[in-house]
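Take a look at the structure below.
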Amino acid sequence: MALSRKRQKELKKLKRSADELWEEQREALDHASRVLREATRQANALAREEVAPRVTGVYTDHVQPAVATGIAGAKTAGSVVKERVVSDVLPALSGAVGSAIAVIEAVRDPRVRDVVRSAARTGGKVVKIAPQPKKGPGPGTFILIGLGVVAVAGVAYAAWQTLRADEDLWIEDLADVGAIDVSDDEDEF
């Protein structure tokens with residue numbers, strides 16, 4: 001295929017432009033790669049200098065004490081449970097097992113069987129238990145009666161004081177009010 005000169009020139013020019021563009025893109029990618037490497041280096045330095053100490057401080061100040069407290073609490077709870085099992089549960093359990101074994105051994109004993117049979121035979125008979133004699137009034141009864149008498153006397157005295165006729169409690173007649181001496185009032189000022 002034969003191309004005209006003009007077309008050949010335009011193609012060469014286009015090829016040069018494409019090569020130049022490719023070279024510029026390569027330079028831009030190299031520059032971007034350098035910037036990315038520098039940014040990575042700066043981010044690592046920032047993490048090493050700023051972030052890591054803060055994370056370490058938070059871990060040391062908050063997380064580690066909380067975990068230590070939790071572990072100590074778990075150890076304490078475990079020791080308390082162990083102590084309770086050893087001091088309370090195991091003796092009760094061994095006592096119950098011992099009692100059960102003793103009952104089984106007692107049931108196998110022929111003397112005990114004879115006693116149980118005789119108790120079963122005589123168990124149907126009713127035995128009357130004598131009633132306990134009634135007790136008389138104790139000192140508490142007399143003290144309560146005395147307090148009641150004193151309370152009634154107090155109420156009666158208060159009523160008598162309230163209802164008695166006193167001359168001082170009554171208001172004077174209105175006719176006597178006009179006869180008040182005015183000279184007594186002047187001495188007060």
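The values are calculated or read from the model by the stated rules, or taken from the named source; none is laboratory data. Note that this is a predicted model, so its numbers are computed, not measured. As a convention, Cβ positions derive from the backbone with ideal geometry for all residues, glycine included, and neighbour counts pool all protein chains shown. Calculation scope for accessible area: heavy atoms of the full protein, side chains included, ligands and nucleic acids excluded. Shrake-Rupley method; radii C 1.70, N 1.55, O 1.52, S 1.80 Å.
Quick rundown of the values:
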| quantity | calculated |
| --- | --- |
| Criterion: touching a Lys or Arg at 6+ places or on another chain (Cβ under 8 Å) and either without any contact (Cβ under 8 Å) to a residue 24 or more places away in the chain or open to solvent by 80 Å² or more (accessible area, probe 1.4 Å) (or both) - qualifying residue of VAL107, VAL89 | VAL107 |
| Condition met for GLU49 (within 47 Å of the chain's Cα centre (by Cα), open to solvent by 60 Å² or more (accessible area, probe 1.4 Å) and acidic (Asp, Glu)) | yes |
| Given (1) under 30 Å from VAL85 (Cβ atoms); (2) open to solvent by 100 Å² or more (accessible area, probe 1.4 Å), number of the condition ALA102 does not satisfy | (2) |
